[in-house]
Amino acid sequence: MLTAILFGWSDVNKQLVECVPNFSEGRRTDVVDAIVDSIRKVPGVFVLDRSSDFDHNRSVVTFVGTPQSVAEAAFVSIREAASLINLDLHQGVHPRIGATDVVPFVPIEGVTLDDCVALAREVGQRVGNELKIPVYLYEAAATRLERKQLENIRRGEYEVLKTEIQTEVNRLPDFGPSFLGTAGATVIGAREFLIAFNVYLTSGDVSIARQIAKTIRHSSGGFRYLKALGLLVDRQAQVSMNFTDFKQTNLAVVTETIRREAARYGVGISRTELIGLIPQRALIEAAAWYLQLHSFADDQVLEMRMNSVLGASDHSDFD
């Protein structure tokens, strides 16, 4: 398990929450550094990963800690991003409505999804009241059915929301003012673990990626627990995906489906890309599928057998 012992905490206080905020800046390293530094300064928080993309003009930071320390780190990072990122000047291929675009809280250990919902609402209210940034609640924290899906909230992006937040009742935020400043709006919520995974095609024709994304995503009849977009990144067509439940939708199966669909257009897969972190379980299941392993058991993996024999942590929270 990814236990509190990993961080030197006692068993009595084992509570871990993950937060994976997405910031609308992937080109200015100094800005991303400042945001990450604001997170690191919060006691009880540990930054596990950061990833930036120039074409998306977006950065993803992963950190964990106790519920209240993670809540504080999320708030200070939103505040820092608002002071450094101007959405009027922002351009990137990834959809966005805010300097801090989305902030999900994920239960890891000793907390429930409902606990993370309460955390999301607490932080959302504070951001709206203190920073005067409009906040929309999504996924498990959503107060309206149509807002469970992030894409519904981001419809039209920052440029359209600037007008509609003042003119359409259904676009009023859950917290904060009904107008946008240059920091835009922020979407805050609670969800289970998500894998961000991209596939690059051997083509610069973004229409192929968009057609493949339409074929595989759940909202248009594809795989359950899969969201997908077709984007142009560094002159390559990219199928950008979020796996919202990797236990139900296997990465390898989806990748092979993309390979098959791409072949219909005379192209292939040039490479794949992981954004942020991935549970070990997802990689084991993908490998077992590709290798067609029969009667495979987890303890056939050397490191997992050693952990079991030696009594060490097997980091299997997401099994």
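Quick rundown of the values:
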{"read-out": "The range 128-149, subset over 24 Å from Gln91 (Cα atoms) and among the basic types (Lys, Arg), residue least open to solvent (accessible area, probe 1.4 Å)", "value": "Arg147"}
{"read-out": "Of residues in the range 140-198 being touching a helix residue (DSSP H, G or I) at 6+ places or on another chain (Cβ under 7 Å) and polar (S, T, N, Q), the one farthest from Ser240 (Cα to Cα)", "value": "Ser178"}
{"read-out": "Scope the range 58-114; condition touching a Phe, Trp or Tyr at 6+ places or on another chain (Cβ under 7 Å) and without any contact (Cβ under 8 Å) to a residue 40 or more places away in the chain; matching residues", "value": "Ser59"}
{"read-out": "Residue count, the range 86-113 (criterion: farther than 23 Å from Asn152 by Cβ and of a type in the set (A, V, I, L, M, F, W, C))", "value": "3"}
{"read-out": "Some residue of the range 266-284 being acidic (Asp, Glu) and within 21 Å of the chain's Cα centre (by Cα)", "value": "yes"}
{"read-out": "The range 115-127 residues that are surrounded by 19 or more Cβ atoms within 10 Å (Cβ to Cβ), paired with ones that are of a type in the set (Lys, Arg) (beta carbon under 9 Å, 6 or more apart)", "value": "Cys116/Arg191; Val127/Arg79"}
{"read-out": "Residues satisfying the stated conditions in the range 1-57, i.e. out of contact with any Leu (no Cβ under 9 Å at 6 or more places or on another chain), β-branched (Val, Ile, Thr) and modelled with pLDDT under 95", "value": "Ile5, Val12"}
{"read-out": "Residue in the range 70-80 that is farther than 27 Å from Leu231 by Cβ, open to solvent by 10 Å² or more (accessible area, probe 1.4 Å) and touching a strand residue (DSSP E or B) at 6+ places or on another chain (Cβ under 7 Å) present", "value": "no"}
{"read-out": "Count of residues meeting criterion [modelled with pLDDT of 85 or more, open to solvent by 90 Å² or more (accessible area, probe 1.4 Å) and either in contact with a Ser or Thr (Cβ under 9 Å, 6 or more places away or on another chain) or of a type outside the set (Lys, Arg) (or both)] in the range 296-305", "value": "2"}
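The values are calculated or read from the model by the stated rules, or taken from the named source; none is laboratory data. The shown structure was predicted, so the numbers you read here are calculated from the model rather than taken from an experiment. Neighbour counts run over all protein chains shown; Cβ positions are idealised from the backbone, glycine included. Each accessible area value is taken on the protein alone, full model and side chains, heavy atoms only, with ligands, DNA and RNA left out. Shrake-Rupley method; radii C 1.70, N 1.55, O 1.52, S 1.80 Å.
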